[in-house]
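One structure below.
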Amino acid sequence: MRVAGAVKLVIAVSIFLLTFYVISQVFEIKMDTNLGSLFARSALEIAAHPTKPPRYKCGISKACPEKHFAFKMASGAANVVGPKICVEDNVLMSGVKNNVGRGINIALINGKTGEALDTKFFDMWGGDVAPFIDFLKSIQDGTVVLMGTYDDGATKLNEEARKLIAELGSTSITNLGFRDNWVFCGGKGIKTKSPFEQHIKNNKDTNKYEGWPEVVEMEGCIPQKQD
């Protein structure tokens, strides 16, 4: 009887241990499955909603400090794609807006508020430089001036026009030649030369397009005019 009882006890304990083992194994499998599903869902969510890099005004590479206006601009591409001028996320001139043209494209901005004042283009190949000179003379002090070439912006430029642009802070205007690409941001009443200017010469040995150099682009932060 004692032997039979001992055998029964051993069997009962073995069954208990086996049951516990099976339950623990099942639980671990479920736990692993749940964890695997959780990680899989997280990976899918990250892939579906990746962290987007911050976007700054006009698509510039970094945010401007306070009391500065963000701008980005590009010259024309040969005689095919017009220039583009953007200030404070407002596209002022572009081919899409259909307000650009051959020659020098110019946008005027209020230096205190960043408000767009005017946009125009002047044909410096087949046009007359006189209206351009009159326009430059009419610009008021404190106005931010942005310019970009398209096709040819230099043929009709004379000494007076170049001098007026130089007074806005340009250093490259004296060397601007036939079909050069040029972008510039200066201001009426500026006391120093502008740091915002890019110029690429028309050179048949280095031109990206037949007869025209590559597009020149520029971005930056324009200091707000202070009283």
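The values are calculated or read from the model by the stated rules, or taken from the named source; none is laboratory data. The structure presented is a predicted model; accordingly, all values stated were derived computationally and were not measured. Every residue, glycine as well, gets a Cβ built from its backbone with ideal geometry; the counts of neighbours run over all protein chains shown. All accessible areas refer to the heavy atoms of the entire protein, side chains included, with ligands and DNA or RNA removed. Shrake-Rupley method; radii C 1.70, N 1.55, O 1.52, S 1.80 Å.
Listed values, structure above:
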item: Some residue of the range 126-138 being buried (at least 17 other Cβ atoms within 10 Å of the Cβ), among the hydrophobic types (A, V, I, L, M, F, W, C) and not in a helix (DSSP H, G or I); result: no
item: Those residues of the range 154-182 which are open to solvent by 80 Å² or more (accessible area, probe 1.4 Å), farther than 19 Å from Asp128 by Cβ and not in a loop (DSSP other than H, G, I, E, B), in sequence order; result: Thr174, Asn175
item: Where Lys52 falls short, out of the listed (1) part of a loop (DSSP other than H, G, I, E, B); (2) open to solvent by 40 Å² or more (accessible area, probe 1.4 Å); (3) within 18 Å of Met218 (Cα to Cα); result: (3)
item: Residues within the range 75-90 that are over 19 Å from Thr143 (Cβ atoms), surrounded by fewer than 22 Cβ atoms within 10 Å (Cβ to Cβ) and not polar (S, T, N, Q), tallied; result: 5
item: Some residue of the range 109-125 being crowded, with 20+ Cβ neighbours inside 10 Å and touching a residue at least 40 places away in the same chain (Cβ under 8 Å); result: yes
